[in-house]
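**Q** Structure in structure tokens, see below.
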């Protein structure tokens, strides 16, 4: 056999070898593809199994989770209410200082108010007032209540007693009776009171009570406390007997200033 024929017989064998090699490579790719798909499928099945297990767990212990949620909610509510109570207690249990609750301090404050009231009353021809221990005690009780409430309102009076009452509240600083009484009296100027036609108005009721000619005695008291920011709240109460601001009696009891 010639050399050329031998080469021609060997060439198809080489071609077949190459062909077989290519076929084996495709088979490996297909096998790898199947392996990836199998792996992904296994991962998804594992996730589904875990989710199903978790759902079964939740369903089995659902009632306990509800109890746990309610328990935690109650704990949070108790803590919140406790915080509110402590804040409220701190705010309202701040006691007044010893000097303001001492009866002798109330007496000294009343005497100061008597002097200041009489200074303004003399401008309008009204007779001087005197201090009253009874009115002073009533004023002290009412000032205590207002400070505890932290609210400026006219409290109900004893049905068997009827007195005039002036109230004053200052926040953030303190005042004495001179400052308080001046604030009441300045209502005449602030609201252009008509002394030629004297009558009751809600804007000048404090001022007309201060100079009311028929009033003969007064008793006053102050109470203060400090809030959470250490700022003072001060309440002043003055009681008057006989009471002023009686409708129909203004012309004889509220006279124009003489000087």
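**Q** Residue 247 label point, 7 Å along Cα→Cβ, cut-off 12 Å on backbone N: hits in the stretch 192-219?
**A** 200-201
**Q** Something else: Taking the C-alpha atoms of the stretch 179-245, how large are the radius of gyration and the largest Cα-Cα span, Dmax, in Å?
**A** Cα radius of gyration and Dmax of the stretch 179-245 are 14.6, 48 Å respectively.
**Q** Would you please put 177-186, 127-136, 194-203, 248-257 in order of how densely packed they are, using the mean number of other Cβ atoms within 10 angstrom per residue and starting with the highest?
**A** Put in order of decreasing packing, that is 177-186, 127-136, 248-257, 194-203.
**Q** If you don't mind, there's one more thing I want to ask. Want the number for residue 105 to residue 189: 0.36 nm per residue separation, take away the alpha-carbon distance, what's left?
**A** Fully extending the segment from residue 105 to residue 189 adds 27.1 nm.
**Q** Report relative contact order for the stretch 102-251 in percent, whole number only (criteria: Cα-Cα under 8 Å, sequence separation at least 6).
**A** Here the relative contact order equals 37 percent.
**Q** OK, next. For residue 255 and residue 83, what is the calculated FRET efficiency with R₀ set at 35 Å and r taken between the beta-carbons, to the nearest 0.05?
**A** Efficiency for this residue pair is about 0.05.
**Q** Next up: Provide the descending list of Cα extents for the stretch 112-259 along its principal axes, expressed in whole angstroms.
**A** Per principal axis, max minus min of the Cα coordinates gives 48, 35, 25 Å.
**Q** Rounded, prolate or oblate, given the Cα gyration tensor of the stretch 136-215, with a/c below 1.5 counting as rounded?
**A** oblate
**Q** May I ask you to derive the FRET efficiency for residue 145 and residue 171 from their Cβ-Cβ distance with R0 = 25 Å, giving the value to the nearest 0.05?
**A** 0.90
**Q** Provide 206, 124, 162, 259 in ascending order of the number of other Cβ atoms located within 10 Å of each residue's Cβ, fewest first.
**A** Lowest count first: 259, 162, 124, 206.
None of the figures in this text is laboratory data; all of them are computed from the coordinates on show. Computed from a predicted structure; not experimentally measured. Neighbour counts are summed over all protein chains in view; Cβ atoms, including those assigned to glycine, are modelled from backbone coordinates with ideal geometry.
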